[in-house]
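Since the structure comes first, as structure tokens, the remarks are kept for the end.
The values are calculated or read from the model by the stated rules, or taken from the named source; none is laboratory data. What you see is a predicted model; the values in this text were computed from it and never measured. Please note: Cβ atoms are built from the backbone with ideal geometry, for glycine as well, and neighbour counts cover all protein chains shown.
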Amino acid sequence: MNPKESLDGELNAAFLYRVVAEREPEPRRKRLFEELARDAEAQAELWRGGGAGLADPASPFHPSFRARLVALMVRIFGPRRMTHALTAMKVRGMSVYRSAGYRGAITTAGASALPSEHDEVGEHHQEGLSAGSLRAAVFGINDGLISNVGLILGVAGAGTGNATILLAGVAGLLAGAFSMAAGEYISVRSQREMYEHQINLERAELAEYPEEEADELAQIYEAHGMDRAQARATAGQIINDPKRALDELTRTELGLNPGDLGSPWVAAGVSFFAFAVGATIPLAPFLFIAGDRALNVAIAASAIGLFSAGAATSLFTGRSAVRAGLRMLAIGGAAGALTYGIGGLLGVNL
Ligand SMILES: [Zn+2]
């Protein structure tokens with residue numbers, strides 16, 4: 001990275017720290033982000049002094065378009081929902097929003113945790129790989145089921161034969177499964193690249209500015225509830241231990257458990273397979289059963305599948321399994337009835 005980029009990076013980060021601090025009601029966190037803003041500005045001064053031909057110190061700094069966009073979203077949604085976008089803009093201290101899953105030095109040092117804010121259920125990349133994959137699988141099965149129930153009933157509603165229904169169902173299964181897999185691959189891969197890039201930045205900073213990194217760590221520990229003296233001692237110890245330092249910076253500054261960087265191929269494979277399983281349920285009867293009976297069996301199998309897959313989602317929400325099952329059945333049933341009706345209308349006119 002050239003000095004001009006580094007300078008702009010620090011200034012944009014400082015701007016975002018101030019926005020986060022402004023939006024943050026919790027006093028310890030607010031103070032942390034104010035301190036980190038001042039540190040980033042001090043770091044920017046270093047870059048400014050070191051690089052000849054850099055921006056004139058007197059000229060005012062304008063945050064980049066991207067920084068202003070992230071700032072706007074932080075103001076609307078709050079910093080906790082924007083942790084990935086903030087980390088990507090070199091904003092540190094995100095572990096304060098991950099108290100529940102945080103496994104940094106602070107937990108072993110026995111400081112009082114911040115007001116607990118559990119990880120959002122939707123952020124499956126932050127969970128352990130197996131938990132994230134299982135969750136993705138259950139929701140993938142649901143997607144496949146609803147999507148192919150709608151497709152198959154729509155085609156059946158038009159009054160076509162079983163061969164056409166089978167063809168449409170297979171095409172729907174493949175198109176949906178590839179689409180899900182591609183989406184998941186890109187999502188996990190881009191997140192992974194972002195974190196790898198940020199971890200590399202931390203590695204470089206650790207080598208060049210170990211004292212500043214120790215400082216940053218200590219400030220975050222304090223925001224987690226450690227007293228100042230202990231925070232400084234713990235941070236100093238960790239920075240002096242090269243084996244632990246980068247791992248701890250990743251956990252504390254980026255709010256990431258290094259083992260949680262999932263494989264994009266695994267994520268894509270799980271999504272593909274899960275969608276295909278769900279999409280097979282309404283489709284399979286047409287493979288084995290002839291005549292009108294195939295549609296009736298498909299509807300019955302789909303109803304059982306929708307209820308079961310819906311009930312399984314309650315594993316991740318902690319809500320009633322029966323209610324979750326009935327809700328999914330209602331949603332899938334409505335989608336199927338609607339496409340069947342629309343298929344019927346189109347079938348008459350074709
Ligand atoms: Zn750092």
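Buried (at least 19 other Cβ atoms within 10 Å of the Cβ) and more than 16 Å from the ligand (Cβ to nearest atom): which single residue out of Gly150, Gly161 fits that description? Steps first, answer last, please.
Working: Gly161 fails: buried (at least 19 other Cβ atoms within 10 Å of the Cβ).
Step by step, each of Gly150, Gly161 is checked, and only Gly150 is buried (at least 19 other Cβ atoms within 10 Å of the Cβ) and more than 16 Å from the ligand (Cβ to nearest atom).
If I go through the stretch 180-202 residue by residue, how many of them are surrounded by 14 or more Cβ atoms within 10 Å (Cβ to Cβ), of a type in the set (D, E, K, R) and within 16 Å of the ligand (Cβ to nearest atom)?
Keep residues of the stretch 180-202 that are surrounded by 14 or more Cβ atoms within 10 Å (Cβ to Cβ), which gives 180-181, 184-185, 187-189, 191-192, 194-195, 198-199, 201-202.
Narrowing the set further to residues that are of a type in the set (D, E, K, R) leaves 184, 189, 192, 202.
Still in the list and also within 16 Å of the ligand (Cβ to nearest atom): 202.
Count: 1.
Given the residues Ser99, Ser112, Ser116, which is the only one that is at pLDDT below 75 and touching a Pro at 6+ places or on another chain (Cβ under 9 Å)? Even if it seems obvious, please write down each step before you answer.
Working: Ser112 fails: touching a Pro at 6+ places or on another chain (Cβ under 9 Å); Ser116 fails: touching a Pro at 6+ places or on another chain (Cβ under 9 Å).
The unique qualifying residue is Ser99.
So which residues in the stretch 308-343 are touching a residue at least 40 places away in the same chain (Cβ under 8 Å) and surrounded by fewer than 16 Cβ atoms within 10 Å (Cβ to Cβ)? So that I can check it myself, show each step before the final result.
So in the stretch 308-343, the residues touching a residue at least 40 places away in the same chain (Cβ under 8 Å) come out as 309-310, 312-313, 315-317, 328, 331-332, 335-343.
Those that are touching a residue at least 40 places away in the same chain (Cβ under 8 Å) and surrounded by fewer than 16 Cβ atoms within 10 Å (Cβ to Cβ): Leu315, Thr317, Ile331, Ala337, Leu338, Gly341, Ile342.
Which condition does Gly305 not pass, out of (1) in contact (Cβ under 8 Å) with a residue 40 or more places away in the chain; (2) closer than 30 Å to Tyr97 by Cβ, if it passes all the others?
Only one criterion in (1) in contact (Cβ under 8 Å) with a residue 40 or more places away in the chain; (2) closer than 30 Å to Tyr97 by Cβ is unmet by Gly305, namely (2).
Within the stretch 211-238, take every residue that is within 10 Å of the ligand (Cβ to nearest atom) and over 17 Å from Tyr97 (Cβ atoms) and give me the one that is surrounded by the fewest Cβ atoms within 10 Å (Cβ to Cβ). If you could, list the steps in order and put the result at the bottom.
Going residue by residue through the stretch 211-238, those that are within 10 Å of the ligand (Cβ to nearest atom) are 212-217, 220.
Narrowing the set further to residues that are over 17 Å from Tyr97 (Cβ atoms) leaves 212-215.
Working: Glu212: 16, Glu213: 23, Ala214: 20, Asp215: 18.
Only one residue fits best here, namely Glu212.
Tell me which residues, restricted to the stretch 164-179, are surrounded by 16 or more Cβ atoms within 10 Å (Cβ to Cβ) and over 10 Å from Ala279 (Cβ atoms). If you could, list the steps in order and put the result at the bottom.
Our first condition is that a residue be surrounded by 16 or more Cβ atoms within 10 Å (Cβ to Cβ); within the stretch 164-179, this holds for 165-166, 168-170, 172-173, 176-177.
Across the stretch 164-179, the qualifying residues are Ile165, Leu166, Ala168.
Could you pull out the residue among Leu326, Leu345, Leu295, Leu249 that is out of contact with any Phe, Trp or Tyr (no Cβ under 9 Å at 6 or more places or on another chain) and more than 30 Å from Leu217 (Cβ to Cβ)?
On the way: Leu326 fails: out of contact with any Phe, Trp or Tyr (no Cβ under 9 Å at 6 or more places or on another chain); Leu295 fails: out of contact with any Phe, Trp or Tyr (no Cβ under 9 Å at 6 or more places or on another chain); Leu249 fails: more than 30 Å from Leu217 (Cβ to Cβ).
Answer to the check: Leu345.
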